[in-house]
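Student: Structure below; questions to follow.
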Amino acid sequence: MSMRINAGYAIVSSVFIGESEFVLGIHLKSPGQFVTWKCSGGNNYYWGHYFSDQFAAEKDLIARAQEEIQCLEELNGQSEKQKPLKGKEHER
C-alpha cells in the first residue's frame, strides 16, 4: 500500500468505523504539526482538527472514532448495555 499524503501531511494512522474513516497525519516539512481528518473515498479529507502535540492528536483520533461508534449505536437503537449476552459471556 502506498503512502497517502494530503496538504503536506503524511497519513500515518487510520481507523475505520462502519463506512467512516478517520485519519492522523503528520506534516512532512514541519513534523511538529499533526491533524486528524474524517475521510471518505480514501482521498476526500475534511473536518480537520489540528495539533502541535502528537499525543493530543492520537487522543483526538480515538475520540472521533468513539463518537462515530456512539452515533452508529444510536442509529441502530443499540448500546453495549442493551445487547443481550450470549454463550459463555452470559455465564460470567
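Student: Could you give each residue of segment 5-13 its phi-based ³J(HN,Hα) in whole Hz, using Karplus coefficients 6.51, -1.76, 1.60 with θ = phi - 60°, and x for Gly or Pro?
Tutor: For segment 5-13, the Karplus curve yields 10, 9, 6, x, 9, 7, 7, 10, 8 Hz.
Student: Then there's this: Give me the number: length gained by fully extending GLN54 to ILE5, i.e. 0.36 nm times residue separation minus the C-alpha to C-alpha distance, one decimal in nm.
Tutor: 15.9 nm
Read the figures in this text as sums done on the coordinates, not as results from a lab. All values derive from a computational prediction rather than experimental measurement.
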